[in-house]
Structures are given as structure tokens and as C-alpha cells.
Amino acid sequence: MDENRGICIVAELTPEGRLADVTLELVEKSLELKKKLNNEPVSVILLAPETNLEDIISELSKAGTDKVLVSKNKNFTTYSTEFFSKAAVEIINKVKPSVVLIGATTQGRDLAPRISSLLNTGLTADCTGLDINDKGQLAATRPTFGGNLMATILCKTFPQMATVRPKVMPMGPLNHETDATVEEFTFDFEHIKDNVEILNFIRNIESSGIENADIVVAGGKGMKSAENFKILEELADVLGGSVAASRAVVDAGWRPVSEQVGQTGKTIRPKIYIACGISGAVQHTVGMEQSGTIIAINSDPNAPVFSIATYGIIGDVFDVVPALTKKLKDIKKTR
Ligand SMILES: Cc1cc2nc3c(=O)[nH]c(=O)nc-3n(C[C@H](O)[C@H](O)[C@H](O)COP(=O)(O)OP(=O)(O)OC[C@H]3O[C@@H](n4cnc5c(N)ncnc54)[C@H](O)[C@@H]3O)c2cc1C
């Protein structure tokens with residue numbers, strides 16, 4: 001539709017009230033897409049309780065957002081499908097963006113389908129790539145057929161909606177100098193009944209923390225047994241990192257599913273990823289190839305993991321890993 005212009009992101013806040021990283025990742029991606037959309041504006045919908053939002057608005061502005069569409073309401077204190085979808089849909093209907101992006105988080109996976117059905121438009125969920133094609137349409141790429149194929153999907157209706165996995169796209173620098181314009185929206189929720197009552201928030205204690213670790217030491221089937229992961233734990237310990245695993249390892253019951261990296265696991269981008277006894281199947285590398293430095297240790301010189309590794313060590317993990325840990329410990333002692 002000709003009247004639809006620009007990209008609109010629905011922001012997510014953490015339970016502590018900070019901007020979720022995925023929102024900034026989407027802003028950075030939108031700045032790239034904007035260039036192919038005749039510089040149409042990038043706006044962010046910010047639904048938050050009646051607190052001071054100056055810092056969050058300033059962060060969005062420094063990330064390059066053109067417009068922040070704010071609504072403060074006590075009903076936005078915790079996430080609610082009813083209130084968030086109603087507010088987002090009303091704002092989207094006023095702003096008429098061409099593209100709407102939402103993080104494929106637990107919250108986003110609940111919110112996005114509700115918004116798309118209320119707007120009667122299409123949604124490409126859980127995308128790993130976004131582009132604008134030569135016709136100016138959103139080309140949203142996501143895995144399909146159980147991860148065996150990548151499909152690029154176009155949406156015929158407006159706005160074109162997509163959810164994007166966290167950590168798939170990089171965050172940009174917070175150095176934009178132009179101030180974002182802020183527009184406020186108010187809602188009267190008097191007549192809306194929330195069907196869900198939040199009793200309490202309990203953190204997922206099974207969460208492995210690999211999503212936020214700067215250094216990840218990952219083990220594959222080449223580790224041979226669950227017990228052998230001890231040497232990876234020791235390496236992770238000395239580096240202050242976390243342990244992750246391939247699916248083959250999780251399927252074998254050696255490590256918990258919360259540590260699985262890849263297509264059907266988590267997507268992470270630590271500063272350093274050390275792959276130990278991992279072959280480098282595409283379903284694994286898709287979850288870690290954006291890491292800053294990839295170090296692969298594998299006894300097979302032809303292992304595919306070496307094609308994406310920054311540094312490759314051809315050797316036996318049971319020789320290399322303990323030697324590495326010892327060396328690092330020695331270095332630490334001399335400091
Ligand atoms: C739909 C679908 C989704 C999938 N999703 C995922 C996913 O999310 N994550 C994922 O990881 N996989 C996923 N897979 C599985 C993926 O295709 C691979 O089978 C899996 O990643 C292989 O795990 P691996 O590298 O640990 O094991 P292997 O492929 O068995 O590789 C073991 C490696 O260890 C090396 N090795 C053996 N002994 C030693 C030693 N002593 N020292 C050094 N190196 C040694 C070998 O040379 C080999 O390269 C998926 C598959 C499908 C079909």
C-alpha cells in the first residue's frame with residue numbers, strides 16, 4: 001500500500017526495566033534496511049509503566065531511531081497480551097509503517113501473532129535474515145523443513161511483519177547524534193479485561209547463561225562422554241566463560257538442552273567461541289558463526305568447522321584442552 005511507510009519496531013523491556021538487546025539489534029538492522037527504503041523513518045513503539053523513560057529514549061535515539069512512539073500506562077508494568085497488543089495495534093494503525101519488527105523472544109512470540117491477526121496481515125516468524133528486495137518488499141529469511149532449508153518469504157499485505165531471533169543481528173554503536181522525536185500515545189483500558197493475572201516472576205534456573213557469556217567453550221560428540229566435559233568446565237572456569245554443547249551431545253543426554261547451540265538450540269555471539277570436538281554441521285554453525293573469534297579444536301583436518309574458524313587447532317581435545325587450561329592458569333599466576 002502506498003500510504004505505508006517506514007519501519008516500526010515494538011520494543012521489549014527486561015523485567016528490570018532495561019531495553020532488551022534484541023530491540024537495539026532490530027534498530028541497527030532497520031538502519032541498514034532504511035537505506036533501501038528511500039530513507040523512510042525507523043520508529044520504535046515503547047510501552048512502559050509510568051516511570052522515567054528518559055534513559056531508554058536516549059538509548060534508542062543514540063542507536064539511530066528516528067521516532068520513539070511512547071505510551072506510559074500502569075498496565076504495561078508487566079507484559080500482558082491484551083494491553084500490549086491493543087496499544088501496539090492502535091499505534092501501528094496511526095503510524096502506518098510498511099514493516100513491523102519484533103524480537104522472537106518469549107514475549108515477542110506471544111505478541112507478534114496477536115498483532116498480525118488483529119491487523120489482518122502476514123507474519124514471518126523466527127527470522128534469521130532480513131532484506132529489502134528490488135521491489136521494496138521485506139524479504140524475510142527463516143529456516144524451514146526442520147532446519148534443512150532456508151526460505152525467503154514475502155508478505156503480500158501491509159504492514160509486513162517479522163519476528164527476529166535475538167543475537168542473530170549485531171547491535172550498533174550508540175553514537176548517533178540526532179535526537180529522536182518523541183510522540184506520546186494514551187490509552188483507556190477501562191473496558192478491557194486482562195485474561196491473565198501475573199502472580200510472580202521466577203527466573204529459569206535451568207538457563208545456562210550462554211546467551212550472555214563473553215566466552216563460550218562448547219563440546220561436541222568428540223568429547224566422547226558426559227564425564228569428559230569436566231575438562232571443558234575447567235577451561236571455561238579459568239576463562240570466566242560458560243559451557244555449551246552441540247545437539248548430538250544434548251541428544252546423548254550428556255548436557256542439558258539449555259546449553260544447545262544451533263538451529264534448534266540457541267543463537268549466540270560471544271566474543272570468543274571455542275569449539276571442541278565439534279564437526280561444524282551447518283545446523284550448529286548457524287547458532288554461533290557470528291561469534292567474534294572462533295577457535296576450533298578437532299582431530300580431523302577436514303572437519304567443516306575449520307572453514308568458519310578464526311584459529312584452527314588440529315589435534316586431540318584431550319591433549320589440547322588440558323594444555324590450554326594449564327597455560328592459562330600459569331599466565332594468571334604470574335599476574
Ligand atoms: C533439523 C536439524 C536440526 C539440527 N539442529 C542442531 C542444533 O541446533 N545444534 C547442533 O549442534 N546440531 C543440530 N543438528 C545436528 C547436526 O546436523 C549435527 O549432527 C551435529 O551438530 C553434530 O554434532 P557434533 O559436531 O558434536 O558431532 P559429530 O558430527 O559426530 O562430530 C564430532 C567431531 O569430533 C571430532 N573428534 C572426535 N574425536 C576427537 C578428539 N579426540 N579430539 C578432537 N576432535 C575429535 C570429529 O573429527 C568430529 O568432527 C540438527 C540436525 C537437523 C537435521
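The values are calculated or read from the model by the stated rules, or taken from the named source; none is laboratory data. Small disclaimer: the values here were computed from a predicted structure and weren't measured. Cβ atoms come from the backbone with ideal geometry, glycine included; neighbour counts cover every protein chain shown. What goes into the accessible areas is simple: the full protein's heavy atoms, side chains included, and nothing from ligands, DNA or RNA. Shrake-Rupley method; radii C 1.70, N 1.55, O 1.52, S 1.80 Å.
On the principal axes of its alpha-carbon atoms, the range 65-211 has extents of 45, 40, 37 Å, going from largest to smallest. Taken as Cα centroids, the range 251-266 and the range 311-329 sit 23 Å apart, rounded to the nearest whole angstrom. Spatially, the range 1-36 and the range 121-167 are offset by 15 Å when compared through their Cα centroids. Only protein heavy atoms count here; on that basis, with a 1.4 Å probe, ASP319 has an accessible area of about 100 Å². When the chain is treated as a Gaussian network with alpha carbon springs shorter than 10 Å, the biggest mean-square fluctuation among ALA323, ALA140, ALA275 belongs to ALA323. Considering only SER117, GLY262, ALA180, the residue lying farthest towards the positive end of the dipole of the chain is GLY262, judged by Cα position with unit charges set on Cβ. Loop-located GluC sites (Glu not before Pro) in the range 168-227 (DSSP state not H, G, I, E or B) with no more than 11 neighbouring Cβ atoms inside 10 Å: GLU177, GLU190, GLU197, GLU206, GLU227. When shorter helices are ignored and each DSSP H run of at least 4 residues is given -39500 (n - 2.57), the per-residue value for the chain at 222 nm works out to -8500 deg cm²/dmol. Note on the chain: semi-axes of the ellipsoid equivalent to its C-alpha gyration tensor, largest first and rounded to whole Å, are 40, 22, 19. Of the residues THR267, THR23, THR78, the one that moves most in a GNM of the chain with alpha-carbon contacts below 10 Å is THR78. Most simply put, the chain has about 20% antiparallel DSSP beta bridges, counting only bridges with both residues inside it.
For the chain, the relative contact order works out to 14 percent when only alpha carbon pairs closer than 8 Å and six or more residues apart are counted. Comparing SER291, SER116, SER299 in a Gaussian network model of the chain where C-alpha atoms under 10 Å apart are linked, the largest mean-square fluctuation is found at SER299.
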